[in-house]
Amino acid sequence: MADRVTVIGWDGSPLTAAARSALGAATLVAGAAHHLALPEVPPGAERIRLGSVALAARRIAAHRGTAVVLADGDPGFFGVVRSLRAPEFGLEVEVVPAVSAVAAAFARAGMPWDDAQVVVAHRRTLRRAVNVCRAHTKVAVLTSPGAGPAELGLLLEGVHRTFVICEELGTERERVTVVTSDNAADHAWRDPNIVIVIGGPAGAADSGGWIAGRDPGQGRRGWVQPDEAYGGGLGEGETELLRSAQLARLGPRVGDLVWDIGCGSGAFATEAARAGAAVIAVDRSSGACARTEAAARAFGVQLQLVHGTAPLALENLPEPDVVRVGGGGAAVVSAVADRRPQRIVTHAATRDAAELVGRDLTEHGYRVECALLQSVELDTRAWTETERSVVFLLTGELPARETPR
C-alpha cells in the first residue's frame, strides 16, 4: 500500500504551499491530462491518466511510495475522495481542497447558491437530473459526455428554463454562455462543463434561508392540505382522505416524474410537487388547468400543465415514475400501464368498476391492491354526522425486477 495518499483539488489557481509540498514528494501522480501537465509534477514520478478511478485506486494501493491524485475543484464534493475511500481499496487519504466547480460556476454567474439543488448527470441519471430541473427553480448540473447541456435542453421540451453554461472553468479556455433551454441543443459544448438551470417562481426569500437547497419545511404544515385550502369545490376523487392515501401509496420524491391525469383543482398535483417531484398535470378542462395553475402558484411550486384528453394527450409526454389517474376510467389506466410506471393509483366508485380496473392492471403485470376507504365527517359541536363518503382505492405496483430506471 502507498505510504501516503494525498488528493489535491485544482481550480486553475496557483497550488497552495501544502499542495506543492505533497506533489513535490510524490512518486506516483494520477490525474487528467491537464493535471499531469502541471510544472509541479515531479519528472521522475509514475503518471496515471485518470479514467477509471477504480483502476487507478488499485494501482495506488499496490504502489510503494507516496501517491498524489489531482482532481478538479473540491475532490470531496461529488469527487474522487468517495471512490478512493471505498472499503475494497483500503486507502486513507489526506485532502487539499480547492474551490468546487459548482461554487466557481455560481461565482461566474454572480449568483448565490445556498438555495440551489446540485445534481450529477450521466447517461444513467440524466432523466432524474432533468426531473429535478423541472421541479426546482435553481439547479446546478454536473454534466458528463452524453449527458450535457444539449441533452438537458432536449429532455426539458415544453418547460422553459435559462441555462448558464460554464465550460472548462479555471483554464485558459474558460467560457460562460447564457442560453434558453430550447436553444441549448443548437450548440457544441466543451467538456467539462457545469450548467446552472434557472426558471420558475422565486425560491428562497431575499434574506436567505436556513438550510442549503430546498427548504423541506417551507409553507404550511401537513403532507396534504385541507380541502378549503384549494377554494372548495373539489371533485369526488380529490378529498383530503383520498389524497392522503394516494400520496402515501405513490411516495413522490425528488428526481421522480409524476403524472396527474384528471388534475381537477390541482390539489394532488400541487402536493406531489411540494414533495419535490416533477409533475405533469393533465386535464381536458381549461377551467381545471387554470385552477391547477393557481394552486401551484399559491403554494410556490412549479409543474407543467397539459390541456388535453387522455389517453391521446399522454402520447408525447416523458416517461413517468408514478401516476395518479383521477379521471378517464379503465381505458386511461390501461394506456398508462402500457408506459410501465413503477406505481399507479386510481379510484372507483363501485366494486364492479374497481374489479374491471384491477383485472386490467393484473393483465399488464402489476401487483394490485384494493382498499375500501370510508370517511365520516362529524360536526363536533353536536357530534352529528354531516357527510359520508365511500371509495375504492386501487394501487398497481410493478414487480421489483422491472422498476429500476
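Here is a yes/no grid of residues against (1) under 26 Å from ALA105 (Cβ atoms); (2) surrounded by 15 or more Cβ atoms within 10 Å (Cβ to Cβ); (3) touching a Gly at 6+ places or on another chain (Cβ under 8 Å):
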site	(1), (2), (3)
SER13	yes, no, yes
ALA30	yes, yes, no
ALA33	yes, no, no
PRO43	no, no, no
ALA57	no, yes, no
GLY65	no, no, no
ALA71	yes, yes, yes
SER83	yes, yes, no
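Inside the range 78-111, can you point out the residues that are part of a loop (DSSP other than H, G, I, E, B) and in contact with a helix residue (DSSP H, G or I) (Cβ under 7 Å, 6 or more places away or on another chain)?
PHE89, GLY90, LEU91
Out of the residues in the range 93-112 meeting the condition of being open to solvent by 60 Å² or more (accessible area, probe 1.4 Å) and touching a residue at least 60 places away in the same chain (Cβ under 8 Å), tell me which one is nearest to GLU319 (Cα to Cα).
PRO112
Quickly run through the range 83-108 and pick out the residues that are in contact with a strand residue (DSSP E or B) (Cβ under 9 Å, 6 or more places away or on another chain) and either over 16 Å from THR143 (Cβ atoms) or of a type in the set (Val, Ile, Thr) (or both).
LEU84, ARG85, LEU91, GLU92, VAL93, GLU94, VAL95, VAL96, PRO97, ALA98, VAL99, VAL102, listed by residue number.
Within the range 331-353, which residues are under 25 Å from GLU240 (Cα atoms), open to solvent by 30 Å² or more (accessible area, probe 1.4 Å) and hydrophobic (A, V, I, L, M, F, W, C)?
Result: ALA349, ALA353.
Counting residues that are open to solvent by less than 30 Å² (accessible area, probe 1.4 Å), which strands (runs of 3 or more DSSP E) fully inside the range 128-240 reach at least 2?
138-142, 162-167, 193-198
Could you list, in sequence order, the residues of the range 354-387 that are open to solvent by 50 Å² or more (accessible area, probe 1.4 Å) and more than 24 Å from GLY328 (Cα to Cα)?
VAL376, GLU377, LEU378, THR380, ARG381, ALA382, TRP383, THR384, GLU385, THR386, GLU387
The values are calculated or read from the model by the stated rules, or taken from the named source; none is laboratory data. Quick caveat: nothing in here was measured; it's all calculated off a predicted structure. Glycine also receives a Cβ, built like all others from the backbone with ideal geometry; neighbour counts cover every protein chain displayed. Only protein heavy atoms, including side chains, enter the accessible area calculation; ligands, DNA and RNA are left aside. Shrake-Rupley method; radii C 1.70, N 1.55, O 1.52, S 1.80 Å.
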